[in-house]
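The values are calculated or read from the model by the stated rules, or taken from the named source; none is laboratory data. All values derive from a computational prediction rather than experimental measurement. Every residue, glycine among them, receives a Cβ derived from its backbone with ideal geometry; neighbour counts consider all protein chains shown.
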Amino acid sequence: MAEEELTVSSLTGVDMRVRIAGPGTRSYAFLTDWLIRLLLALAWLLAGALLRLLPRVAADASLAHTVMVAAVILALATYFLYQPLLEVAMRGRTPGLRKAGARIATVEGATPGTGALIIRNLFRLIDALPVFYVVGLTCCMLTKQRVRLGDMVAGTVLVLDEADSVQRLGRLSAQLQRTALPAEALQLIHDLLDRWRSLEEARRTRLARELLCKFDPGFDPRRGAALSSRALQGRLEALLGGEPGH
Amino acid sequence: MAASPDTDAPAGIWIRTQAPRWEALAAQAAAAPQRSHATVDEALRTLRSYRVLTQHLASARELLPASLLTAALQNACATLHAAINREPRLTGARWLRLFREEIPAAAASVRTLALWLAALLVASAFAGWWLINTYPQLVSLIASPRMIDGVERGHLWTYQVLELAPPALLSARIFSNNVMVILGAFCSGILFGLGAFYMIAYNGLMLGGLLAFTHQHGLELGLVKFTLAHGPVELSVMCLAAAAGTALGEAVIRPAHSTRTESLRRRAAQLGPLLLACALLLLGSGLIEGFLSPRATVSIPVRLAVGLGYWTLMLLWLGGRLFPKAKT
């Protein structure tokens with residue numbers, strides 16, 4: 001049974017809980033990175049092939065051979081070193097992980113060091129066995145913290161990157177200062193706006209009208225019944241921005 | 001210090017009084033992970049923010065459990081936690097410590113295992129020799145048809161490699177092959193050490209078998225001459241990497257810490273630097289194998305001097321005698 005959260009002990013004794021990324025997020029990030037490194041490697045090969053077409057290079061067989069060898073070496077280096085180098089340089093993130101909204105952390109919730117990141121990459125040799133990361137994915141599905149062998153050895157775990165939520169705290173505090181709404185109301189309006197697209201139109205408009213009736217003094221329920229879903233959404237956003245009744 | 005909310009007061013009052021601070025704290029939490037260098041003032045400010053945020057998180061959990069605000073505070077805390085708890089960038093002093101202390105310490109921790117694996121390599125080589133001597137037709141299991149054909153005609157494949165590729169490319173190829181072998185030996189050690197044993201036994205069998213095969217055609221001295229310069233370090237590094245892999249397996253079988261995973265993690269962190277040393281040593285032996293070994297004109301004493309010299313250098317480094325000790 002997998003646990004979905006990693007409990008991190010803070011320096012002040014207050015525990016934090018970080019959500020663990022599952023095999024789906026992991027596979028999505030890997031495939032994105034794989035595609036990028038494949039394209040970069042192919043770009044080197046293409047560049048090598050194009051250089052060989054230059055008259056000066058084409059005339060010299062030894063130079064043409066050297067160009068192609070260099071292109072192959074660069075392509076292989078890009079393909080194989082993309083992941084470890086970027087993980088180290090970007091402190092546990094890669095473009096694929098960013099896109100998937102995940103980052104690598106240690107089991108203590110810290111940023112992993114260079115050694116740990118290199119070790120987790122070395123163990124891809126075993127995780128990739130026999131084909132298509134069968135060992136890694138199986139291990140990921142069976143372990144409590146959804147880790148592959150490389151993560152287990154390096155003491156790392158893939159967690160969801162909640163960096164956006166930090167900005168959300170800033171926005172929330174700004175709204176709390178501007179609006180006279182109670183905190184519970186803010187919470188309800190935020191929740192509704194977050195789930196706006198996933199809710200059926202009839203349901204979201206009904207909920208929006210109920211909230212506006214309760215918290216927006218300028219809202220007329222009879223007129224409000226004629227407002228479209230989009231207009232109601234705008235009204236709720238305006239309410240969060242501290243402009244009730246406008 | 002942050003003012004603790006009055007728990008008897010409604011959550012709304014606490015939120016409204018603290019909200020102005022969160023905006024600034026959120027800005028700090030967002031900026032901290034992006035910073036590659038921090039001044040002492042910045043670092044202290046980040047630590048203060050972290051402390052205040054965790055206090056507010058504890059209060060929010062009490063007053064508004066499962067709320068948006070609590071989640072946002074928690075994520076801000078986790079982001080700052082990761083930003084504060086990160087290793088410094090690799091500096092010159094850190095590299096020096098790695099080369100002077102950590103690599104020799106890691107090598108010392110697997111010395112006995114490496115000696116046992118060297119014994120396994122020798123025993124497997126003898127077994128390979130006996131096998132090919134007794135059943136010569138089995139050579140097709142360890143050598144390609146081209147190699148067999150060449151030896152049967154009286155030519156060693158080792159001296160023809162320079163005709164196939166330039167020395168630099170040859171060195172790069174040899175290096176990458178050897179690195180894959182040591183990584184395989186290390187990583188497969190996690191399978192209770194059996195993977196590392198297999199790697200060593202297989203390579204020993206191949207070595208002994210090829211020596212026996214060349215001996216049958218009177219070319220064994222040529223093969224020994226070829227391996228003299230790069231062989232000692234290459235084989236020693238293979239034993240070291242396999243010993244590191246076996247130590248990983250041992251950490252799983254006989255955990256020295258509270259859990260097997262913890263034991264494995266600590267052992268891997270300790271042995272990681274040794275793998276770096278192995279890769280660097282293989283880079284050197286790859287260069288020797290690409291540039292020096294295939295040249296028939298290089299005499300045996302020169303090869304012996306290079307091989308023994310490089311091997312001694314390796315022993316001095318791994319024994320902690322190559323770099324001066326740090327002043328205490």
* Quick one: would you say B:ALA78 is touching a strand residue (DSSP E or B) at 6+ places or on another chain (Cβ under 9 Å) and facing chain A (nearest Cβ under 10 Å)? -> yes
* Would a scan of segment B:133-144 turn up a residue that is out of contact with any strand residue (DSSP E or B) (no Cβ under 8 Å at 6 or more places or on another chain), in contact (Cβ under 8 Å) with a residue 40 or more places away in the chain and of a type in the set (Gly, Ala, Ser)? -> yes
* Structure fact -> When restricted to B:LEU117, B:LEU96, the only residue more than 9 Å from chain A (Cβ to nearest Cβ), aliphatic (A, V, I, L, M) and closer than 30 Å to B:LEU194 by Cβ is B:LEU117
* Structure fact -> Considering segment A:1-23, residues that are small (Gly, Ala, Ser) and surrounded by 19 or more Cβ atoms within 10 Å (Cβ to Cβ), and then whichever is farthest from the other protein chains (Cβ to nearest Cβ), we arrive at A:ALA21
* Wholly within segment A:167-224, helices (runs of 4 or more DSSP H) carrying at least 1 residues that are under 30 Å from B:THR17 (Cβ atoms) and away from chain B (no Cβ under 14 Å) -> A:201-215
* **Selection count, segment A:29-54, where residues are crowded, with 17+ Cβ neighbours inside 10 Å, aliphatic (A, V, I, L, M) and touching a residue at least 40 places away in the same chain (Cβ under 8 Å)** => 2
* Structure fact -> Filtering segment A:225-246 down to residues that are in a helix (DSSP H, G or I) and either of a type in the set (Ser, Thr, Tyr) or touching a strand residue (DSSP E or B) at 6+ places or on another chain (Cβ under 6 Å) (or both) yields A:SER229
* Filter segment B:209-247 for residues that are outside any helix (DSSP H, G or I) and within 24 Å of the chain's Cα centre (by Cα) and give the result. => B:HIS230
* May I ask you to list pairs of residues, at least six apart or on different chains, whose Cβ atoms are under 8 Å apart, with the first in segment B:259-285 being within 11 Å of another protein chain (Cβ to nearest Cβ) and the second being part of a helix (DSSP H, G or I) and aromatic (Phe, Trp, Tyr)? => B:LEU271/B:PHE186; B:LEU275/B:PHE186
* A:ARG26 is checked against (1) more than 14 Å from every other protein chain (Cβ to nearest Cβ); (2) closer than 23 Å to A:LEU160 by Cβ; (3) loosely packed, with under 14 Cβ neighbours inside 10 Å and fails just one. What number does that condition carry? -> (3)
* What number of residues within segment A:88-137 satisfy the criterion of being more than 14 Å from the chain's Cα centre (by Cα), part of a helix (DSSP H, G or I) and within 13 Å of chain B (Cβ to nearest Cβ)? -> 17
* To do: Residue by residue through segment B:77-94, note down the ones that are in contact with a Gly (Cβ under 9 Å, 6 or more places away or on another chain) and in a helix (DSSP H, G or I).
  => B:ALA78, B:HIS81, B:ALA82
* Asked: Does A:GLY92 count as of a type outside the set (A, V, I, L, M, F, W, C), within 23 Å of B:PRO255 (Cβ to Cβ) and surrounded by 22 or more Cβ atoms within 10 Å (Cβ to Cβ)?
  -> no
* To do: For residues that are β-branched (Val, Ile, Thr) and free of Cβ contacts under 8 Å to residues at least 60 places away in the same chain, scanning just segment A:140-155, find the one that is nearest to the other protein chains (Cβ to nearest Cβ).
  => A:VAL153
* Asked: Across segment B:284-309, what is the number of residues that are surrounded by 15 or more Cβ atoms within 10 Å (Cβ to Cβ) and either closer than 20 Å to B:ALA106 by Cα or among the β-branched types (Val, Ile, Thr) (or both)?
  -> 3
* Structure fact -> Checked B:ALA172, B:ALA143, B:ALA185, B:ALA168 against criteria (part of a loop (DSSP other than H, G, I, E, B) and at negative phi); the one match is B:ALA143
* Asked: Any residue at all in segment B:148-159 that is in a helix (DSSP H, G or I), within 22 Å of B:SER285 (Cβ to Cβ) and without any contact (Cβ under 8 Å) to a residue 40 or more places away in the chain?
  -> yes
* Asked: Does B:THR70 qualify as being more than 14 Å from chain A (Cβ to nearest Cβ) and either assigned to a helix (DSSP H, G or I) or surrounded by fewer than 20 Cβ atoms within 10 Å (Cβ to Cβ) (or both)?
  -> no
* Asked: Hey, among the residues in segment B:56-67 that are more than 7 Å from chain A (Cβ to nearest Cβ) and surrounded by 17 or more Cβ atoms within 10 Å (Cβ to Cβ), which one's modelled with the lowest pLDDT?
  -> B:LEU63
